[in-house]
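Asks: This structure is in structure tokens; I'll ask about it shortly.
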Amino acid sequence: MTATEMKERLVGRALKRREDPKLITGHGNYLDDIKLPGMLHIALVRSPYAHAKIVSIDASKALAMPGVVAVFTGKDMLDINPMPAAWQAAGVKNYPVPPRALAVDKVALVGDPVAMVVAENRYIARDAADLVEVEYEPLPAVVDARKAVEPGAPQIHEAAPNNIVFEWECGNKDAADAAIASAEVVVKEEIINQRLIPTPMETRGSIARYDPLTGEWTVWMTSQAPHVHRLLLTAFVFGVPETKLRCIAPNVGGGFGQKIFCYNDMAFTMWAARKLGRPVKFVEDRSENYKYSTHGRDHITEAELAGTRDGKITGLRVKTWANIGAYFSTVAAGIPTTLYGRIITGVYKIPAAYVHVTGAYTNTAMVDAYRGAGRPEASYLIERMVDRFAAEIGMDPAEVRRKNFIQPEDFPYDNGLGLLPYDSGNYEPALNKALEIAGYAEFRKQQEELRKQGRYLGIGISSYVEICGIAPSAWMGGQGWGAGLWESANVRVHLTGKVVVTTGSLPHGQGLETTFAQIVADELGVPYEDVEIQWGDTQGTPFGYGTYGSRSLAVGGVAIKRSVDKIKEKARKLAAHLLEANEADIVFENGRAYVKGSPDKGKTIGELAAAAAVAYNLPPGMEPFLDETSYYDPPNCTFPFGTHVSIVEVDPETGHVKLLRYIAVDDCGNQINPLIVEGQIHGGIAQGLAQALYEGAVYNEDGQLLTGTLMDYAVPTAAMVPHIETDHTVTPSPVNPLGVKGAGEAGTIASAQCVMNAIIDALAPFGVKHLQMPATPERIWKAIHGK
Amino acid sequence: MTTITVTVNGIRYTSEVEPRLLLVHYLREHLNLTGTHIGCDTSQCGACVVHINGVSVKSCTTLAVQCDGAEITTIEGLSSDGQLHPLQEGFWEKHGLQCGFCTPGMIMAAADLLKRNPNPTEEEIRHGLEGNLCRCTGYENIVRAVRYAAEKMAAAQAAD
Ligand code: FES
Ligand code: FES
């Protein structure tokens, strides 16, 4: 290859994933696949009550069972601290009560672990757990966030009076009050964003091994953020240096947020491994995952939107009760505050907005980030209210959106809610494209016709913006986040020219190995096959905050690019020396450094790597080896956007909804691998439309989870999800040199309201103005019949 | 303890097992075939699907002792002579997997579906895979993967 021949660029190409061969042949390595010599198994004794005092625990029968090694209770583990509360609501007093490794003295939810049995195998452990006798004194329970903070509600934690976790606000209350008081039109609605269970297909767990000679642990964990867990478990829970713990996330079978958090099992497996001197394994079964691992959403909101008769939105006032569950999960308070309130006005210029959020403890599973985390709740709220407003003034909902969109010339746009400015956007083309694919004008005529025949079709629009690439650290510090949010990467070009990249990001389905390798191969001009991406083990990867918030490309990927830039810089210096040329005259292109004007006089990156590695002839002062690390803290978040449109038909006899079409036009900035981007969008949409149509975690008043297994909680099957039509626009992000924004959560953020708006549009002839999710046939039938 | 003899992926095993031992645990813990996964405790998710005597079965709801004398194929035994099965190829080509946790069960269920219906429509694929849950893909690319395999298998048959 001569220097002028361009190597074919990989960025932008839909390469199939390099991760897949092992996963499609059954050779993945997930947590439960790991077996260590002498490993013991843990089964938990969990509370059947939502709220109770623990009177006594008698483990004698369990201990007498052959194969049982030990039984421990919460009191045995008082030498370690509770789990950390890492993100508290900003600028206000928080009352964090995180869980302990095992409950002590009292339980606060069904499934709260009170004792653990350690045994030679999982069958024995489970049998013995049934023999542990626990006496409880039941207490009254509360499951609803709004009721929990009312006077006279059962009190869950002494340290949190009135069950309040925080009271937080953003925006301008006086302005919003005034806008609403003086408005031509005000629409008001109670909007419930029901509780969801993330349901990664792999449940959670951990395996701990302890070496008494060095005092070091190794913990394998189902984790989206092993570096963070290492820090939290050592510095906060055990009070030991972080160098004493190595965390490894093997293949992780989906996370969707649920595997971001620092869970009690990480602590009790570590504690037991140290105590017993043998490795221990804990893996939840699905019903344990449903009872105890984190849930998402669960907001009750009173919303008022003000506007003019000709469709201008003038104000928004929002009061939300956010259910936090029985304890404070790791980043629980950041989700319904910063990631919700600060983006409540969505894609619209709303001059006066105000949000008040009350976080409440209840006797339910902890609530924390679930795909989208705060942004789906915000987007659902504003997109429902805008439709509600359009219906009220009799204007086409697409028109109302156009009229209020933030315009391209407004960027960077400050929404006045304490967020960093939206980086870039061009909302109308995405809306127009989606409407065109849907055949919007045609559809409206057809809808009219069909209504006369007693058929009820509806079309729903959802224009969204979200926050990705969540950083910069200096801003997040002010948001109550207890750490930084930069990412780091190391890139090494070995003597043979092979490139090894280590990253602190933690892919669990996102295809980051493929995406990152595409970037590195292009930037460095080496064959794609020569680039290896390593991740998942805190020993051997630089620190990273993990993969969530659609930040691994926009932050983690850029850290890799910057390391590559440094490698190139050093390679150029070395080339100048070897070619006896002026450094300023060296061009690095297509994996080759050459003298400007004489492309034949050059050295490939492989030759330079070898020269740097053997170090026979380096310029004075240059260290051997091409090996560079970057710590990247972006100047802003990124703000992907788009419009989704869906078409439904509702059967008025049965209340059944048929989702006829689903169209997604997304703008996530530049796309590195469109195949992977599309896959992320598909999966996100399935989760959001499932919220609209099927899913909802239901507790009865006593705090029993009625949707406690996959039998009752309606994760959709293939037949319950429609064909999804995708398209995109491209508005590069000015925030980072790759121009990328993020795509992991967009589908979920856009889709619930897209489907709900379509259903409510279909039901307009029946006078239905709003409907809570999920829109089950029963709910729809009742709405049609005014019940 | 009961003695069973089973053939798994072409290899014969004789084992002493507890009568209550689930087939999925037998495969994973006794034979170290960890490609077959466990995603639920109510027989809903299909992560555990294997073939028993050529028919897809949820191995979390089957006792090892019921399989005495049976021929079992797991995901590890699906490809032959280092050649990926057309379904494995289809899932790779069409991005039919993300985290990969549901994939072994999904592929085994789809293999059974294609045996019964070699040329399924999109709708038949969606209904045929109703016993398998995937939380990552939204199923769009799983449908494409199965169609890819159906076409590839039909082409191979036509060439024979
Ligand atoms: S493990 Fe879920 S169906 Fe078998
Ligand atoms: S690929 Fe993750 S559950 Fe299907």
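Here, each number is a calculation from the coordinates, and none is a lab measurement. What you see is a predicted model, and the numbers here were worked out from it, not measured in a lab. Glycine also receives a Cβ, built like all others from the backbone with ideal geometry; neighbour counts cover every protein chain displayed.
Asks: Can you tell me the FRET efficiency between B:Glu130 and A:Glu580 if r is taken as the Cβ-Cβ distance and R0 is 60 Å, rounded to the nearest 0.05?
Replies: Once the sixth-power term is evaluated, E becomes 0.30.
Asks: Kindly state, to the nearest 0.05, the FRET efficiency for A:Arg309 paired with A:Tyr631, given R0 = 60 Å and r defined as their beta-carbon distance.
Replies: 0.65
Asks: Taking the number of other C-beta atoms within 10 Å as the exposure measure, put B:Leu97, A:Leu495 in order starting with the fewest.
Replies: A:Leu495, B:Leu97
Asks: Once you put a point 7 Å from the Cα of A:Val240 and another 7 Å from the Cα of A:Met65, both along the Cβ direction, what distance in nm separates them?
Replies: Inter-label distance under the simple model: 2.9 nm.
Asks: So how far apart, in nm, are the two label points at A:Asp712 and A:Ala178 if each is 7 Å from Cα heading toward Cβ?
Replies: About 5.1 nm, to one decimal.
Asks: Divide by every residue of the protein assembly as shown the summed helix terms, -39500 (n - 2.57) for each DSSP H run of at least 4, and state the resulting mean residue ellipticity at 222 nm, rounded to the nearest 500 deg cm²/dmol.
Replies: -8000 deg cm²/dmol
Asks: Normalised by the number of residues in chain A, what is the relative contact order in percent for Cα pairs under 8 Å and 6+ residues apart?
Replies: Rounded, it is 16 percent for chain A.
Asks: Which of A:Lys573, A:Lys787 has the fewest other C-beta atoms within 10 Å, and how do the rest follow up to the most?
Replies: A:Lys787, A:Lys573
Asks: At 0.36 nm per residue, and after removing the present C-alpha to C-alpha distance, how many nm does the segment from A:Arg126 to A:Glu448 gain when stretched out fully?
Replies: Between A:Arg126 and A:Glu448, full extension yields 109.9 nm more.
Asks: With each label point set 7 Å from Cα along the Cα-Cβ vector, what nm distance links A:Leu618 and A:Ala719?
Replies: It is 6.6 nm.
Asks: For A:Asn162 and A:Val587 in the same chain, what is the full-extension length gain: residue separation times 0.36 nm, less their Cα-Cα distance, in nm?
Replies: Additional length available on full extension: 146.3 nm.
Asks: Can you give the log10 of the normalised intensity I(q)/I(0) at q = 0.05, 0.10 Å⁻¹, computed with Debye over equal Cα scatterers of chain A?
Replies: -0.28, -1.05
Asks: Averaged over all directions, how much area does the convex hull of the C-alpha atoms of segment A:140-251 cover when projected, in nm²?
Replies: Over every viewing direction, the Cα hull of segment A:140-251 projects on average to 13.1 nm².
Asks: Given 0.36 nm per residue, what is the gain on full extension from A:Lys596 to A:Lys75 after removing their alpha carbon distance, in nm?
Replies: Gain in length upon complete extension: 180.3 nm.
Asks: While we're on this one: So if we plug the beta-carbon distance of B:Lys152 and A:Glu701 into 1/(1 + (r/R0)^6) with R0 = 45 Å, what FRET efficiency do we get, rounded to 0.05?
Replies: 0.25
Asks: Around A:Lys106, which amide H atoms from residues at least 5 apart in sequence, or from another chain, sit under 5 Å from its own amide H, with H modelled in the peptide plane?
Replies: The answer is A:Ile54.
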